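Peer 1: Here you go, one structure.
Nothing in this text is a laboratory measurement; each read-out follows from the coordinates by a stated rule. Given the structure is predicted, the values throughout are model-derived calculations rather than measurements. Note that we place each Cβ from the backbone using ideal geometry, even for glycine, and neighbour counts take in every protein chain shown.
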Amino acid sequence: MSISPQLCRLTTRTNIYMPDTCRVFPRWKPLSMRCAPGESLTASVAMDVTDSGFDAKVFRHNFMRSTNYNRRGFGHEEETLELMSHEYNSEIIKTLKENENEYTWGNVTVKLAESYGFCWGVERAVQIAYEARKQFPEENIWITHEIFHNPSVNKRLEEMEVRRIPVKDGRKQFDVIEKGDVVVLPANGNPVDEMMVLSNKNVQIVDTTCPWVSKVWNTVEKHKKGEYTSIIHGKFSHEETIATASFAGKYVTVKNMEEATYVCDYILGGELDGSSSTKEAFLEVNLLYLVSLYGRKTTRQVSNKNSCLSQKFKFAVSKGFDPDTDLVKVGIANQTTMLKRETEEIGKLAERTIMRKYGVKNLNEHFIAFNTICYATQDNQDAMYKLVEQRMDLMLVIGGWNSHNTYHLQKIAEDRGIQSYWIDSEQRVGPGNRILHKLMHGELVEKQNFLPEGPITMGITAGASTPHKVILCSP
């Protein structure tokens, strides 16, 4: 019988988050409600954000220099890092690292990826959030959404009474925030309209936005200045991509190479696959968005009544987007948690497309690209590629089930044909050699006897928002 390495318990809670397995998980819509025509901000704020003279870069510059804004912590670094070390570090991880990331317990050999878990930006975000509670022990502290996608860390912040701003009918209820409260901006950032609402309130702002996310914002602002349309590689309903899009001028968000190819084929008038799409087809309703809002059953009913529904870009483009005129000049940006190689491939495809359309000598007039791939995400992905080259009986991928960077680590393993299990916490394992894991398309599955008879070799990695202590604890 195989000996199962046990995952340590970060908390003793039993009401662990269980997503609905029969639908794509809904996300709240940004305050500007780009994805729901007919709903809007109050007139004064909406006018400021959408006015042609509004400069998001200047607004952010002034926002970050207000007297009630902080993104560097409050001088409690030493004690908060000590607390984080106690809560999140693991002696077993230390043992693995001391033995070149490989150790055997019983008949199970564990191989740990060279780069895994907490990235610098995530650790910084947690530290600043902890410092905020130390600095403001009695004040109400709100956070606009999950600080990042890990249930254990978010639960810990809830225990510290850092409360998430409630959401009603897909909209964040900022009216719960009162004068003197503290508001934490999560690691993946907030859109401009939400920052504007908060700037109009007399509250303390604690900004934990990852500097790599801010770098992408700077990139799309450069696109906007040069009148380039941003092709954003990301999930258009993801909080980070929503924030990035709010700093862009014209944009279209593509989730993968397939959607990027559709955009590039449109630029070339159907030369890539011999078909030619119309503007109306390009701007059709995105079925995945409707699924996220209403569920698969309701969406099927809607689809049966309207055959034009398909996975296109109606909700993944800027207001007034016209593919005939807005794809003449394009730039590349990305959600920092996307698969690095795919972002690079999309950039190369767009570059080749523009050269084919306008000629090599005119490339710079129609195409611009900056490197906006997060080093930490890249390191974790590179380490995973290296790990899957070794002989593995199975792979354990640990990270929040709504964590996009963890999703891509799982995808790397599955693409190599390795039996891989994606769990969001230690509570998904056992007893009795059982595991509750998430499949790539979102379904939760419980598997009996997931560890085969030994000896076996098991690879382990974790998403950038996963604490070390959740990865492994004891054999």
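Peer 1: Over the Cα atoms of the range 111-203, Rg to Rh with Kirkwood Rh, two decimal places?
Peer 2: 1.01
Peer 1: What is the ratio of the Cα radius of gyration of the range 420-475 to 2.2 N^0.38 Å, with N the residue count, to two decimals?
Peer 2: Ratio of Cα Rg to 2.2 N^0.38 Å: 1.16.
Peer 1: Could you pull out every residue, at least 5 positions away or on a different chain, whose amide H is within less than 5 Å of the one on N334? Hs are placed 1.01 Å off N in the peptide plane, and Pro or chain starts have none.
Peer 2: H233
Peer 1: Here's another thing I want to ask about it. Amide H to amide H, which residues 5 or more places from T229 or on other chains are under 5 Å from it, using H placed in the peptide plane?
Peer 2: K329, V330, G331
Peer 1: Quick one: what are the phi-derived ³J(HN,Hα) couplings along the range 351-366, Karplus 6.51/-1.76/1.60 with θ = phi - 60°, whole Hz, x for glycine and proline?
Peer 2: 5, 4, 4, 5, 4, 5, 6, 10, x, 4, 5, 9, 4, 5, 6, 10
Peer 1: Hey, what's the Cα Rg ratio for the range 366-432 versus the globular rule of thumb, 2.2 N^0.38 Å?
Peer 2: 1.35
Peer 1: Now for a different question. Count the net charge of all other residues whose Cβ sits under 13 Å from the Cβ of E91, scoring Lys and Arg as +1 and Asp and Glu as -1.
Peer 2: Combined, the nearby Lys, Arg, Asp and Glu give +2.
Peer 1: Still on this structure: Sticking to Cα atoms, compute the Rg of the range 324-367 to one decimal and its Dmax as the biggest Cα-Cα distance, whole number, in Å.
Peer 2: Gyration radius and largest Cα-Cα distance of the range 324-367: 11.4, 33 Å.
Peer 1: In what sequence, highest mean first, do 441-449, 129-137 appear when ranked by Cβ atoms within 10 angstrom?
Peer 2: Highest to lowest by the protection proxy: 129-137, 441-449.
Peer 1: Give me Rg/Rg_expected for the range 41-169, where Rg uses Cα atoms only and Rg_expected = 2.2 N^0.38 Å with N residues.
Peer 2: Relative to the 2.2 N^0.38 Å estimate, the range 41-169 comes out at 1.46.
Peer 1: How large is the charge dipole for the range 129-211, taken about the Cα centre, if only the Cβ atoms of Lys, Arg (+1) and Asp, Glu (-1) carry charge, to the nearest 20 debye?
Peer 2: My answer is approximately 120 debye.
Peer 1: Over 23 Å between C-alpha atoms is what I'm after, so list which of K155/K469; K329/K361; K172/K255; K225/K319 land there.
Peer 2: K172/K255
Peer 1: What's the ranking of 89-95, 253-259 by average number of surrounding C-beta atoms within 10 Å, highest first?
Peer 2: 253-259, 89-95
Peer 1: Further question on the same structure: Give me a comma-separated list of calculated 3J(HN,Hα) values for the range 409-419, in order, Karplus coefficients 6.51, -1.76, 1.60 applied at θ = phi - 60°, integers in Hz, x for any Gly or Pro.
Peer 2: So the Karplus estimates, Gly and Pro as x, are 5, 4, 4, 4, 5, 5, 5, 8, x, 8, 4 Hz.
Peer 1: Could you please state, rounded to a whole Å, how far the C-alpha centre of the range 373-410 is from the C-alpha centre of the range 426-453?
Peer 2: 18
Peer 1: Find out how many positive minus negative residues lie around W217, taking Lys and Arg as positive, Asp and Glu as negative, among other residues whose Cβ is under 9 Å from that of W217.
Peer 2: +2
Peer 1: Could you pull out every residue, at least 5 positions away or on a different chain, whose amide H is within less than 5 Å of the one on N107? Hs are placed 1.01 Å off N in the peptide plane, and Pro or chain starts have none.
Peer 2: Residues meeting the amide H criterion: I3.
Peer 1: Also, I was wondering about something else. What order do you get for 351-360, 109-118, 60-69 when each peptide is scored by the mean count of other beta carbon atoms within 10 Å, highest first?
Peer 2: So the peptides 351-360, 109-118, 60-69, ranked by packing, come out 109-118, 351-360, 60-69.
Peer 1: Expressed as a whole number of Å, what is the distance separating the alpha-carbon centroids of the range 48-115 and the range 205-251?
Peer 2: 20
Peer 1: In whole Hz, with x marking every Gly and Pro, tabulate ³J(HN,Hα) for the range 442-457 from phi via Karplus 6.51 cos²θ - 1.76 cosθ + 1.60, θ = phi - 60°.
Peer 2: Going residue by residue, I get x, 6, 8, 10, 9, 10, 8, 6, 5, 8, x, 4, x, x, 9, 10 Hz, with x marking Gly and Pro.
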